[in-house]
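Below is one structure, written out as structure tokens; comments come after it.
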Amino acid sequence: MQNLWPNARLKLMETKCNPPLFFDEAATTKPSEEVLDSFLEASRNNWGNPHSLHAFGYKASKVLEGARFKILQTLGLEKTHALIFTSGATEANNLAIKGVARHYVNRGRHLISDTIEHPSVLHVFESLREQEKYRVDFLGVDREGKISLEEFKNVLDKETILVSFMSINNETGSCFPLDEIHEILKEYPKALFHSDITQSIGKTPHFSYKNLDLLSFSAHKIGGLKGSGALIYRKNIAFRPLFEGGGQESGFRSGTVDVPSAIALSKALEIAIKKQEENYLRVENLSKKLRKLLSKNPEILINSPEDASPYIFNFSLLHKKASVVVEALSLRGIYVSSMSACSSKKETMSHVLLSMGYDKERASNAIRVSFSAELQESEIDYFAACLETILKELKDR
């Protein structure tokens, strides 16, 4: 194979990157120093139980409510929506879908989602269908990971009580037309609209959150802490709680709220939103560069559509095992994913790529590269050159 990237420093291919190159931002991000400082400050000075009735508990409660309001204000939702702190998007998705479906069951038993959702959405709908006999329609997608709005209109009916579509797919970066879906739902007032916005929040400028009835996300995708997230919901919505207890979080999520993590989440979102337009443009250039470089290689099949989120770039290897290449890159200090981190140790192929109509070989040999705005163009060159070298080494064996 000819050298496709002559400007990359190929002599460094045999050495390990120091520091490593992290191309797995869709799986998790490094907490920023400001976020860590906010967590430590709260842990030192506001460690009281916010549900206690004494002055120290009241102080913690005041700080907690300040963080709650700040998040809603940052998203422009302080007048219309409320917020529940959760352990992450998985819990938030479960609470939104199960809680709403069970609370509004007397309105109808029809739910709608799609086949390329995150497992914490997809499996919840499957559970409601199989165990609680809800009628669930999963919309398929085309080769670009897009649903048909006409099909969506056709499956909607007067019994539909909940619709859930992610904003951006976590494996391919495919974007869902949330604004168009919202317009269609205006004719179905009983149907609530939920979205897992984990891969778009703090990364997509001009994104409208006001059209959503329920929004789920995790802190650790935006420079926050793992084990922290939120469900934001329109104020007139109610849920069945997932578990019983002391009735905290307006009775919807029992348990003592982790005040330092809530403050850290607020700080992480504030930073992400402030930088999102600048970061988006930078990452867009990096993603375009990598697409251009890899599209020259006949052994690489690009899976992410042209209009995908620039933060996620997915491709498949024509004749090589993705797991072998991911390991070889890791040995060089370059970290990518072979699948979503939530599925990679359980499944052998991508349900997302299968749903997009690709064959099992392509779905089982996919690699996901996800970007940070801190990356440099030279590091994109370096990654591409490393990948080419590894593919050549494997071919020559």
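Take LYS79 and tell me if it is out of contact with any His (no Cβ under 6 Å at 6 or more places or on another chain) and assigned to a helix (DSSP H, G or I). Answer is no for this residue. The set of residues in region 143-169 that are closer than 15 Å to SER350 by Cα and open to solvent by 10 Å² or more (accessible area, probe 1.4 Å) comprises ARG143, GLU144.
The residue list SER120, SER61 contains one member that is out of contact with any strand residue (DSSP E or B) (no Cβ under 7 Å at 6 or more places or on another chain), on the phi < 0 side of the Ramachandran plot, free of Cβ contacts under 8 Å to residues at least 60 places away in the same chain and open to solvent by less than 60 Å² (accessible area, probe 1.4 Å), which is SER61.
Those residues that are of a type in the set (A, V, I, L, M), open to solvent by less than 40 Å² (accessible area, probe 1.4 Å) and closer than 21 Å to THR198 by Cα, I need them from region 22-58; list them, please. Scanning region 22-58 gives ALA26, ALA27, VAL35.
Counting just the residues of region 249-274 that are of a type outside the set (Gly, Ala, Ser) and loosely packed, with under 15 Cβ neighbours inside 10 Å, which one comes out nearest to ALA96 (Cα to Cα)? The qualifying residue nearest to ALA96 (Cα to Cα) is THR256.
Count of region 213-231 residues, restricted to those that are crowded, with 24+ Cβ neighbours inside 10 Å and under 20 Å from LYS79 (Cα atoms), is 6. The residues of region 18-72 that are assigned to a loop (DSSP other than H, G, I, E, B) and over 27 Å from the mean Cα position of the chain (by Cα), listed by number, are ASN18, ASN46, TRP47, GLY48, ASN49, PRO50, HIS51, SER52, LEU53, HIS54. Within region 193-209, which residues are surrounded by fewer than 21 Cβ atoms within 10 Å (Cβ to Cβ) and of a type in the set (Ser, Thr, Tyr)? Scanning region 193-209 gives THR204, SER208, TYR209. With respect to (1) open to solvent by 40 Å² or more (accessible area, probe 1.4 Å); (2) in contact with a strand residue (DSSP E or B) (Cβ under 7 Å, 6 or more places away or on another chain); (3) modelled with pLDDT of 95 or more; (4) among the hydrophobic types (A, V, I, L, M, F, W, C), the lone exception for ALA308 is condition (1). Of the candidates LEU387, LEU394, the single residue that is of a type in the set (A, V, I, L, M, F, W, C) and open to solvent by 10 Å² or more (accessible area, probe 1.4 Å) is LEU394.
For (1) in contact with a helix residue (DSSP H, G or I) (Cβ under 7 Å, 6 or more places away or on another chain); (2) touching a residue at least 40 places away in the same chain (Cβ under 8 Å); (3) in a helix (DSSP H, G or I); (4) not β-branched (Val, Ile, Thr), each residue gets a yes or a no:
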| residue | (1), (2), (3), (4) |
| --- | --- |
| SER208 | yes, no, no, yes |
| SER216 | yes, yes, no, yes |
| GLY246 | no, yes, no, yes |
| SER250 | no, yes, yes, yes |
| LEU269 | yes, yes, yes, yes |
| ALA272 | no, yes, yes, yes |
| LYS292 | no, no, yes, yes |
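The set of residues from region 218-244 being assigned to a loop (DSSP other than H, G, I, E, B) and under 24 Å from HIS182 (Cβ atoms) comprises ILE222, LYS235, ASN236, ILE237, ALA238, PHE239. Selection of region 292-311 for residues being touching an Asp or Glu at 6+ places or on another chain (Cβ under 9 Å) and farther than 21 Å from GLU361 by Cα yields LEU293, GLU306, ASP307, ALA308, PRO310, TYR311. For region 345-383, the tally of residues that are among the aliphatic types (A, V, I, L, M) and surrounded by fewer than 21 Cβ atoms within 10 Å (Cβ to Cβ) stands at 4. Scanning region 294-305 for residues that are part of a loop (DSSP other than H, G, I, E, B) and either free of Cβ contacts under 8 Å to residues at least 60 places away in the same chain or under 17 Å from TYR335 (Cα atoms) (or both) yields SER295, PRO298.
Taking the criterion of being more than 22 Å from the chain's Cα centre (by Cα) and in a strand (DSSP E or B), the only residue of region 82-133 that qualifies is HIS110. VAL336 passes every criterion in (1) touching a strand residue (DSSP E or B) at 6+ places or on another chain (Cβ under 9 Å); (2) open to solvent by less than 10 Å² (accessible area, probe 1.4 Å); (3) at pLDDT 95 or above; (4) of a type outside the set (Ser, Thr, Tyr) apart from (2).
Taking the listed residues GLU41, GLU25, GLU33, the one that is out of contact with any helix residue (DSSP H, G or I) (no Cβ under 6 Å at 6 or more places or on another chain) and under 30 Å from LEU354 (Cα atoms) is GLU25, with no other qualifying. Residues that are closer than 25 Å to PRO205 by Cβ and part of a loop (DSSP other than H, G, I, E, B) within region 157-185 comprise PHE165, MET166, SER167, ASN169, ASN170, GLU171, THR172, GLY173, SER174, PHE176, PRO177, listed in sequence order.
The values are calculated or read from the model by the stated rules, or taken from the named source; none is laboratory data. A quick note: this is a predicted structure, and the numbers were derived from the prediction, not measured. Note that each Cβ is placed from the backbone with ideal geometry, even for glycine, and that neighbours are counted across all protein chains shown. In case anyone asks, the SASA skips ligands and DNA or RNA and just uses the protein heavy atoms, side chains included. Shrake-Rupley method; radii C 1.70, N 1.55, O 1.52, S 1.80 Å.
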